[in-house]
Amino acid sequence: MKPDRTGPFKLLVHARDPHTQPAGVRACPPFLPHDVWRLPGESLVQLVHRAKGIAVGQGVACTWLFYPDEVAH
């Protein structure tokens, strides 16, 4: 089944701390099917843009940035 990208979509991304660099964007099923990890050298704007490119559906979805100290090892 092809992802639905036909209607308007707004992905709202919230930060815990705007002064700390995030590790990625949390998934928000069904709109964002998996976590989107930050690539080396990628800016926050680029990370969010890439996450929006992966997201599917219509309407508004809310997700959160996650940070290195929140990643389970």
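Please treat every number below as a calculation from the coordinates, not as lab data. These numbers were taken from a predicted model, which means no experiment stands behind them. All Cβ positions, glycine included, derive from the backbone under ideal geometry; neighbour counts span all protein chains shown.
If the condition is being over 14 Å from Lys10 (Cα atoms), more than 13 Å from the chain's Cα centre (by Cα) and of a type outside the set (D, E, K, R), then the range 44-73 contributes Pro68, Val71, Ala72, His73.
Considering the range 2-15, and only residues there that are out of contact with any strand residue (DSSP E or B) (no Cβ under 7 Å at 6 or more places or on another chain) and among the basic types (Lys, Arg), the residue that is surrounded by the fewest Cβ atoms within 10 Å (Cβ to Cβ) turns out to be Lys2.
Only residues that are of a type in the set (A, V, I, L, M, F, W, C) and surrounded by fewer than 16 Cβ atoms within 10 Å (Cβ to Cβ) were counted in the range 23-49, giving 4. Within the range 23-73, being of a type in the set (S, T, N, Q), out of contact with any strand residue (DSSP E or B) (no Cβ under 7 Å at 6 or more places or on another chain) and assigned to a loop (DSSP other than H, G, I, E, B) holds for one residue alone: Ser43.
Note on the range 30-43: residues that are within 11 Å of the chain's Cα centre (by Cα) and not aliphatic (A, V, I, L, M) amount to 6.
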